[in-house]
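The values are calculated or read from the model by the stated rules, or taken from the named source; none is laboratory data. Since we're looking at a predicted model, the values are computed, not measured. Neighbour counts are summed over all protein chains in view; Cβ atoms, including those assigned to glycine, are modelled from backbone coordinates with ideal geometry. Please note that ligands, DNA and RNA were not included when accessible areas were found on the heavy atoms of the full protein model with its side chains. Shrake-Rupley method; radii C 1.70, N 1.55, O 1.52, S 1.80 Å.
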Amino acid sequence: MQIQVNLKDNPYKVFVDEPYFLELNTKVALLSNPKILGLHLNSLLKRIKCEELFIISVKDGEEYKNLASIEEILNQMFNSKLDRKSLLISFGGGVISDMGGFAASIYQRGIDFINIPTTLLACVDAAVGGKTGVNNHFGKNLIGSFYQPKAVYCQSEFLRTLNERELKAGLAEFIKMAIMFDENLLDFIEDIDETTFLNANCKDEIFTQIISKSVTLKARVVENDEKEAGLRMLLNYGHTFAHIIENQTKYKIYLHGEAVAIGMNMANSLALNLGLIDEKECKRVENILKKFKLPTTYKIKNLNEFYEAFFLDKKTHHQKINFILPHKLGQGIIKNDISKDMILKSLGQFQ
């Protein structure tokens, strides 16, 4: 399946489970990590022909998604004498996709890059849409750029090597999209057999469906709002809370999708207190998260510290926090007029 992302300045295609061979008349840097290279490098090399191929391997994990790693990547690109016509391929999960796109966007003021995601999370979300960047002491993805890939190649075969945690983390991002944009997708998710799915024993068709449905939806959102001025902000549902959780736990306790699952539950508690959704809707989402063994609770140690961290969120403007909340299932809303007392009341439910 081919899904077109119709952006005015840089249209591109996302290929989902389609055979491909990349014949590239230039030097290529392949960015990945040791785990992915050990599992899938030989398979990928059969699909690439180029002038020269340089492999750049960085440490695996969200805690390494920082400026130090970017400098390491750039140094290896310079040592390989890549020029402005060279190409970078990000081959890995969301961390690799984010860092690869960011490195490509700033190397000699920008070179082309391609995403070949190897995790469900990257396939359904991180690899598509052009949000790139790294974390720092102040928070997650606070340093970065909007920089679109030239193409994205999603292959279900790579997902068969994922463990249960990685699969459910990816599904959390798909659940997020369903709650924000299409309640029918929640029905689809509820029909998935969780035992088969979490053991990666399902046929490729279910992966293909999840990826294609997610990418099709995200492509339409990005086409309408590439730089996150409005509609695209809804894709951050759960993330306002999740990014604080990840930063507070130094990216060592939760995978990104796991933190997003907790963040969605926190956002739903706030939405319930505001009367935007009812108990039945709130419980439905929580049950879906629990069905796929995703975490839904987090113990906040310091309410005021957690609250103040909201003001470092990229969606905060003029000291007003933009919360992404469900107005009803399948329809998201941006709220920036919520009182501090109401926010603290909702956070207090997680102490």
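Please state which one of SER86, SER90, SER105 is modelled with pLDDT of 95 or more, over 26 Å from ALA219 (Cβ atoms) and among the small types (Gly, Ala, Ser).
Numbers: SER90 fails: over 26 Å from ALA219 (Cβ atoms); SER105 fails: over 26 Å from ALA219 (Cβ atoms).
Exactly one of SER86, SER90, SER105 is modelled with pLDDT of 95 or more, over 26 Å from ALA219 (Cβ atoms) and among the small types (Gly, Ala, Ser), namely SER86.
Do you know which of the residues in region 50-71 that are part of a loop (DSSP other than H, G, I, E, B) and open to solvent by less than 30 Å² (accessible area, probe 1.4 Å) is modelled with the lowest pLDDT? Step through it out loud before you land on a result.
Applying the first criterion (part of a loop (DSSP other than H, G, I, E, B)) to region 50-71 yields 58-61, 65-66.
Add one more test, that the residue is open to solvent by less than 30 Å² (accessible area, probe 1.4 Å), and what stays is 58, 61, 65.
Working: VAL58: 96, GLY61: 88, LYS65: 94.
Among those residues, the one meeting the criterion is GLY61.
In region 29-40, which residues are in contact (Cβ under 8 Å) with a residue 12 or more places away in the chain and assigned to a helix (DSSP H, G or I)? It would help to see each step written out before you state the result.
Within region 29-40, the subset in contact (Cβ under 8 Å) with a residue 12 or more places away in the chain is 29-37, 39-40.
Those that are in contact (Cβ under 8 Å) with a residue 12 or more places away in the chain and assigned to a helix (DSSP H, G or I): PRO34, LYS35, ILE36, LEU37, LEU39, HIS40.
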For PHE197, the lone unmet condition from (1) closer than 29 Å to LEU39 by Cβ; (2) at pLDDT 90 or above; (3) of a type in the set (Phe, Trp, Tyr) is (2)
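Is it the case that PRO11 is free of Cβ contacts under 8 Å to residues at least 40 places away in the same chain, under 16 Å from ASP112 (Cβ atoms) and not β-branched (Val, Ile, Thr)?
Working: free of Cβ contacts under 8 Å to residues at least 40 places away in the same chain: yes; under 16 Å from ASP112 (Cβ atoms): yes; not β-branched (Val, Ile, Thr): yes.
Against the criterion (free of Cβ contacts under 8 Å to residues at least 40 places away in the same chain, under 16 Å from ASP112 (Cβ atoms) and not β-branched (Val, Ile, Thr)), PRO11 qualifies.
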Among residues of region 236-272 being free of Cβ contacts under 8 Å to residues at least 24 places away in the same chain and not in a helix (DSSP H, G or I), the residue least open to solvent (accessible area, probe 1.4 Å) is THR249
Those residues of region 327-351 which are under 25 Å from ASN304 (Cα atoms), in contact (Cβ under 8 Å) with a residue 40 or more places away in the chain and basic (Lys, Arg) amount to LYS335, LYS345
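Please count how many residues of region 1-39 are polar (S, T, N, Q) and surrounded by 20 or more Cβ atoms within 10 Å (Cβ to Cβ). Don't jump to the end; show me each part of the working.
To start, the set of residues in region 1-39 that are polar (S, T, N, Q) comprises 2, 4, 6, 10, 25-26, 32-33.
Remaining after also requiring surrounded by 20 or more Cβ atoms within 10 Å (Cβ to Cβ): 32-33.
Counting residues in region 1-39 that are polar (S, T, N, Q) and surrounded by 20 or more Cβ atoms within 10 Å (Cβ to Cβ) gives 2.
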Of those in region 96-113 that are touching a residue at least 40 places away in the same chain (Cβ under 8 Å) and open to solvent by 10 Å² or more (accessible area, probe 1.4 Å), the residue farthest from LYS176 (Cα to Cα) is SER105
In region 273-292, residues that are part of a helix (DSSP H, G or I), open to solvent by 10 Å² or more (accessible area, probe 1.4 Å) and touching a residue at least 12 places away in the same chain (Cβ under 8 Å) total 6
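For region 115-178, which strands (runs of 3 or more DSSP E) that fit wholly inside it have 2 or more residues that are touching a Ser or Thr at 6+ places or on another chain (Cβ under 8 Å), surrounded by 21 or more Cβ atoms within 10 Å (Cβ to Cβ) and of a type in the set (Val, Ile, Thr)?
On the way: elements: 131-136, 139-146, 151-154.
The strands (runs of 3 or more DSSP E) meeting that bar are 131-136.
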Looking at this structure, is LEU347 of a type in the set (A, V, I, L, M, F, W, C) and farther than 13 Å from LEU270 by Cα?
no
For GLN209, the lone unmet condition from (1) touching a residue at least 24 places away in the same chain (Cβ under 8 Å); (2) assigned to a helix (DSSP H, G or I) is (1)
Among ILE143, ILE55, the single one that is touching a Leu at 6+ places or on another chain (Cβ under 8 Å) and under 30 Å from ALA309 (Cβ atoms) is ILE143
Practice item. Check region 184-195 and report whether any residue there is under 30 Å from PHE102 (Cα atoms), touching a residue at least 24 places away in the same chain (Cβ under 8 Å), assigned to a helix (DSSP H, G or I) and over 17 Å from the mean Cα position of the chain (by Cα). Key: no
Scanning region 133-151 residue by residue, the ones that are under 20 Å from ILE211 (Cβ atoms) and in contact with a helix residue (DSSP H, G or I) (Cβ under 8 Å, 6 or more places away or on another chain) total 1
Counting only residues in region 293-351 that are open to solvent by 20 Å² or more (accessible area, probe 1.4 Å) and among the aliphatic types (A, V, I, L, M), the one modelled with the lowest pLDDT is identified as LEU312
Practice problem: State yes or no: is TYR153 of a type in the set (Phe, Trp, Tyr), closer than 24 Å to VAL28 by Cβ and touching a residue at least 60 places away in the same chain (Cβ under 8 Å)? | Solution: yes
